[in-house]
1. Over all Cα pairs of segment 52-95, how is the pair count split among 10 Å bins, expressed in % and running from 0 up to the last occupied bin?
2. Could you pull out every residue, at least 5 positions away or on a different chain, whose amide H is within less than 5 Å of the one on T124? Hs are placed 1.01 Å off N in the peptide plane, and Pro or chain starts have none.
3. Along the three principal axes, how long is segment 24-88 when you take its alpha carbons, biggest first, rounded to the nearest angstrom?
4. So, how do all the Cα-to-Cα distances of the chain break down into 10 Å bins, in percent, from 0 on up?
5. Pick from L106, L65, L133 the residue whose mean-square fluctuation is largest in a GNM of the chain, springs joining Cα atoms under 10 Å.
Amino acid sequence: GVFEVQGKRGILGVRADGSQVDKTVGTVNLAGSLVGIGGELLLSRPVDDGFALVKVPNSRGVRVLANNQLSGRTGRRGSLFVPDLRSYLSSPIGIVQDDLPVEMKLGAISKEIAVPYRGGAVVTFEATVIRALTGRLDVAGKAPEYGTFAVTVGATEFSSPLNATGEFYFEVLPPGDHPGIVSWKG
């Protein structure tokens with residue numbers, strides 16, 4: 001009889017064989033790989049071809065697709081090791097956007113990679129938290145209609161248009177106190 005368990009970190013197999021002299025011979029097989037990539041040392045199932053380390057910083061539980069098939073979910077560090085890619089062929093690596101919180105902004109949700117034989121790649125999907133700031137300006141009891149609100153943070157200037165009631169919206173404004181200039185017609 002044969003019993004085999006395959007997990008993320010390796011393969012464990014147990015085999016029992018009967019012999020002609022009525023003795024049972026048993027064997028235990030352990031198979032796996034130790035891979036160093038992207039500053040991490042990982043235990044994995046056997047790596048027979050290409051592989052990738054997929055990273056979604058600060059995002060646990062994000063589904064990762066390799067060749068449009070579910071490969072697993074990112075762990076507590078926001079990464080997942082994909083051990084079974086075909087070498088020298090283009091492989092789409094993607095993530096499921098719905099697994100990220102609404103306040104996360106993604107650059108891309110899919111990338112094409114090609115890895116060498118028994119070689120790997122680090123695929124990072126940039127996900128940043130959106131810290132939106134909204135408000136309404138009132139200058140001497142009157143709204144600055146259809147103007148512009150510009151805020152300077154260091155050497156970077158962020159600007160927002162103002163609507164008819166003086167409302168503004170900043171999507172990526174860093175937290176803190178920053179000087180700003182409001183300009184409008186009249």
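Read-outs throughout are calculated quantities, based only on the coordinates presented, and are distinct from any laboratory measurement. Since the structure is predicted, the reported quantities are computational estimates derived from the model, not experimental observations.
1. Calculated P(r), rounded to whole percents: 33, 53, 14, 0.
2. For T124, the qualifying residues are K55.
3. Projected onto the principal axes, the Cα atoms of segment 24-88 cover 50, 28, 22 Å.
4. Reading upward from the zero bin: 8, 24, 19, 16, 14, 9, 5, 3, 2, 1, 0.
5. L133
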